[in-house]
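The values are calculated or read from the model by the stated rules, or taken from the named source; none is laboratory data. This structure is a prediction, so every number in the text was calculated from the model and none was measured. Reconstructed Cβ throughout: ideal geometry from the backbone, glycine too, with neighbour counts over all protein chains shown.
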Amino acid sequence: MTVIVGLVQSGRVYLGGDSAGVSGLRITVRRDPKIFRNGPYAMGFTTSFRMGQLLHHAFKAPMPKGDLDRFMSTVFVDRLRKCLKDGGWASKDSEQEKAGTFLVGVQGRLFAVYDDYQIAEPADGYAAVGCGDEFALGALHATESLNLKPRKRLVLALEAASHHSAGVSAPFTFVTARKNSA
C-alpha cells in the first residue's frame, strides 16, 4: 500500500501522500492522513496505519539540536524506538528490532527512516517510499529540470504512482515542513 513522496526546494521540505489502505485485494480510501506535522517535523508513513497513528499522536518529537545527522541517528531514533515499543507496534526478530518506513522533513532536509531504523538522506533532494515508490521516483526525476513548483511535481509523482500501482489511490494530501531556520 501507499506512496509517500518528498522533495526539498529552497530550504523547505514538501511531502505528498495518497489515501489507500490495502489488505490483500481490498482497497479502502482512508480519511486519516498518511502525512502530517509533528512539532518541527513533516512526516509521511507507509507500512502500517497503526505505526502512523503512533507517529502522529503518541510520538513526542524531540527538538533537533547540534549535528542533524548525529541527532537523527541517535536521539530521534531512540525516542522513536521507545514510542513504537510502548505502543505495541515494534517487533524483534533474532534480537534485531524492526519498525516501518517513513519520510521525515526537518530543518530543510529530507530523510527516509527504514524498518531497521537506519536514517537515509537522498542526495537527489527527493525520495519516495511505499509500493508506488519507483513510479513516483521516475516522475520526480523526469520533472527535476522543468522548473515546476514543488506541489506540481508532487502531484505528478503521486498521479504516476496511482496510475501504475494498484496500491495507490487519490485523494492526495500535502504538508510542508517549516523553512530551515538553521
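Details
- Count - residues of the stretch 67-90 that are modelled with pLDDT under 95 and of a type in the set (A, V, I, L, M): 1
Residues checked against (1) among the aliphatic types (A, V, I, L, M); (2) assigned to a helix (DSSP H, G or I); (3) touching a helix residue (DSSP H, G or I) at 6+ places or on another chain (Cβ under 6 Å); (4) surrounded by fewer than 18 Cβ atoms within 10 Å (Cβ to Cβ):
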position: Arg50; (1), (2), (3), (4): no, yes, no, yes
position: Lys60; (1), (2), (3), (4): no, no, no, yes
position: Phe76; (1), (2), (3), (4): no, yes, no, no
position: Arg79; (1), (2), (3), (4): no, yes, no, yes
position: Cys83; (1), (2), (3), (4): no, yes, yes, no
position: Trp89; (1), (2), (3), (4): no, no, yes, no
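- Search result, residues across the stretch 1-17 that are crowded, with 23+ Cβ neighbours inside 10 Å, touching a Lys or Arg at 6+ places or on another chain (Cβ under 7 Å) and part of a loop (DSSP other than H, G, I, E, B): Thr2
- Cβ pairs under 7 Å, 6+ apart, first in the stretch 124-144 and among the acidic types (Asp, Glu), second at pLDDT 95 or above: Asp133/Val3
- Looking across Ala120, Ala157, one residue alone is at pLDDT 95 or above, surrounded by fewer than 18 Cβ atoms within 10 Å (Cβ to Cβ) and either of a type in the set (Gly, Ala, Ser) or touching a helix residue (DSSP H, G or I) at 6+ places or on another chain (Cβ under 7 Å) (or both). It is Ala120.
- When Asp67, Asp32 are checked against the criterion of being of a type in the set (Asp, Glu), touching a helix residue (DSSP H, G or I) at 6+ places or on another chain (Cβ under 8 Å) and without any contact (Cβ under 8 Å) to a residue 40 or more places away in the chain, Asp32 stands alone in meeting it.
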